[in-house]
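Asks: I have a structure I would like to understand better, so I am pasting it below and will then ask my questions one at a time.
The values are calculated or read from the model by the stated rules, or taken from the named source; none is laboratory data. As the structure is a prediction and not an experimental result, all values here were calculated from the model. Heads up, the Cβs are rebuilt from the backbone with ideal geometry, glycines too, and the neighbour counts pull from every protein chain shown.
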Amino acid sequence: EAGVAQSPRYKIIEKRQSVAFWCNPISGHATLYWYQQILGQGPKLLIQFQNNGVVDDSQLPKDRFSAERLKGVDSTLKIQPAKLEDSAVYLCASSFVLRPGLLKGGDTQYFGPGTRLTVL
Amino acid sequence: GNSVTQMEGPVTLSEEAFLTINCTYTATGYPSLFWYVQYPGEGLQLLLKATKADDKGSNKGFEATYRKETTSFHLEKGSVQVSDSAVYFCALRPGNKLTFGGGTRVLVKP
């Protein structure tokens, strides 16, 4: 079974530029998550989708960050314009379902390798 | 709010040594607790989990017990290998959202 795919793996941009990250979840996984992991810290959830609908975007800086999952499969996270403090690894994760239930382990999140963003 | 506190690293050990990584949490309700591991150059992987008090999660020789009375979920392994060198993250999930600790880097030397 293929894992969560992300691209690009690395990106260097200057502040005020725009950048986009792409994620393809595990086939059949309804729930998709984007996390931001700043160096030396644990991942912080930015947004989570259930199919093509947003479940939680309370920690997404909406003045500059946006995300979409139009067809309920792959997803794009965009930053426009980027700031120095956006330098981080952006992780995508997916799970079969949103909540634990009858499907044991169905809510386990599987993570992609991440995209390392450096803003100069 | 919900939060996770882990011991700071790096933790440097010799092969076959005993490993403990402390994790304590603050949460409302009864969260599920997790340990994730991040090997060099790889994504986060679920190592083990426990969903209720006194449950013990175990995998690959690692164990952690959900202690509600001390709000802890310490990770232990009796005999580490060089291949266990990684960053370990403790996390909790009271609802739909995972909250991670800051991570503990472990380096095992031969």
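Asks: Would segment B:8-29 turn up any residue that is within 11 Å of chain A (Cβ to nearest Cβ), modelled with pLDDT under 95 and crowded, with 17+ Cβ neighbours inside 10 Å?
Replies: No, that holds for no residue.
Asks: In segment A:10-20, is there at least one residue being within 13 Å of chain B (Cβ to nearest Cβ), touching a Lys or Arg at 6+ places or on another chain (Cβ under 9 Å) and modelled with pLDDT of 95 or more? Break it down into steps so the answer makes sense when it comes.
Replies: Narrowing segment A:10-20 to residues within 13 Å of chain B (Cβ to nearest Cβ): A:10.
Those still in the list that are touching a Lys or Arg at 6+ places or on another chain (Cβ under 9 Å) too: A:10.
Those still in the list that are modelled with pLDDT of 95 or more too: A:10.
Among the residues of segment A:10-20, at least one is within 13 Å of chain B (Cβ to nearest Cβ), touching a Lys or Arg at 6+ places or on another chain (Cβ under 9 Å) and modelled with pLDDT of 95 or more, which makes the answer yes.
Asks: Only one residue in B:Lys97, B:Lys52 is in contact with a strand residue (DSSP E or B) (Cβ under 6 Å, 6 or more places away or on another chain), more than 25 Å from B:Ala17 (Cβ to Cβ) and not polar (S, T, N, Q). Which one? Break it down into steps so the answer makes sense when it comes.
Replies: On the way: B:Lys52 fails: in contact with a strand residue (DSSP E or B) (Cβ under 6 Å, 6 or more places away or on another chain).
Matching residue, one of B:Lys97, B:Lys52: B:Lys97.
Asks: Yes or no: B:Ala64 within 14 Å of chain A (Cβ to nearest Cβ), buried (at least 20 other Cβ atoms within 10 Å of the Cβ) and in contact with a strand residue (DSSP E or B) (Cβ under 6 Å, 6 or more places away or on another chain)?
Replies: Values: within 14 Å of chain A (Cβ to nearest Cβ): no; buried (at least 20 other Cβ atoms within 10 Å of the Cβ): yes; in contact with a strand residue (DSSP E or B) (Cβ under 6 Å, 6 or more places away or on another chain): yes.
The answer is no for B:Ala64.
Asks: Can I ask one more? State whether the residues of segment A:84-92 include one that is within 23 Å of B:Pro40 (Cβ to Cβ), more than 13 Å from every other protein chain (Cβ to nearest Cβ), touching a Leu at 6+ places or on another chain (Cβ under 8 Å) and hydrophobic (A, V, I, L, M, F, W, C). Steps first, please.
Replies: Keep residues of segment A:84-92 that are within 23 Å of B:Pro40 (Cβ to Cβ), which gives A:87-92.
Those still in the list that are more than 13 Å from every other protein chain (Cβ to nearest Cβ) too: A:87-88.
Those still in the list that are touching a Leu at 6+ places or on another chain (Cβ under 8 Å) too: A:87-88.
The next check asks that each one be hydrophobic (A, V, I, L, M, F, W, C); those that pass are A:88.
Yes, segment A:84-92 has at least one match.
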